[in-house]
Amino acid sequence: MSLSLEVKKKVVESFAINSNDTGSSYVQIALLSERIRILTGHLQINKKDFSTKRGLLQLIAQRRSLLNYIAKKDEQGYKDLVKRLGLKK
């Protein structure tokens, strides 16, 4: 399950640092969070879809490692990002 172009463009525009930014850690975390949200909804309906569950856990781990990187690099940026995304911690 991938993101539609419209959703992806909207997320990139709202989390980009500048107009040419498409791959910064902030944008990557926002895109991962959107994919995680979609997959979570899918798994609530399809409880026995174990391959999607495995993929979801991989996305969560990838987002966690990027969040740890930002927390070390820019603590205030980390706090702002977590607040904007509505994540715990």
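Values in this text are rule-based calculations from the coordinates and carry no lab data. Because the structure is predicted, anything quoted here is derived from the model rather than measured. Neighbour counts are summed over all protein chains in view; Cβ atoms, including those assigned to glycine, are modelled from backbone coordinates with ideal geometry.
One table, with the values for the structure above:
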read-out	value
Approximate spin-label separation LYS47-SER14, in nm, with each point projected 7 Å along Cα-to-Cβ	3.1 nm
Set LYS8/LYS83; LYS10/LYS73; LYS10/LYS79; LYS10/LYS89; LYS10/LYS83 screened for pairs whose C-alpha atoms are more than 23 Å apart	LYS10/LYS73; LYS10/LYS89
Reachable aspartates and glutamates from LYS53, criterion Cα separation under 16 angstrom, eight or more residues apart if same chain	GLU34
Cα-projected label distance for THR40 with ARG54, points at 7 Å along beta-carbon direction, nm	2.3 nm
Residues of segment 28-67 with amide N under 20 Å of a point placed 7 Å along Cα→Cβ from ASP80	28-34, 66-67
Net length gained if the chain between LYS73 and LYS88 were fully extended (0.36 nm per residue, minus Cα distance)	3.5 nm
Mean ellipticity per residue at 222 nm, deg cm²/dmol - from DSSP H runs of n ≥ 4 across the chain, formula -39500 (n - 2.57)	-25000 deg cm²/dmol
Segment 50-65 - phi-based ³J(HN,Hα) in whole Hz, Karplus 6.51/-1.76/1.60, Gly and Pro as x	6, 5, 5, 4, 5, x, 4, 5, 5, 5, 5, 5, 5, 5, 4, 5
Loop trypsin sites (Lys or Arg not before Pro), segment 1-57, which have at most 10 other Cβ atoms in a 10 Å radius of their Cβ (DSSP)	LYS47, LYS48
Cross-link partners of LYS72 among aspartates and glutamates (Cα-Cα below 20 Å; sequence separation of 8 or more within a chain)	ASP80
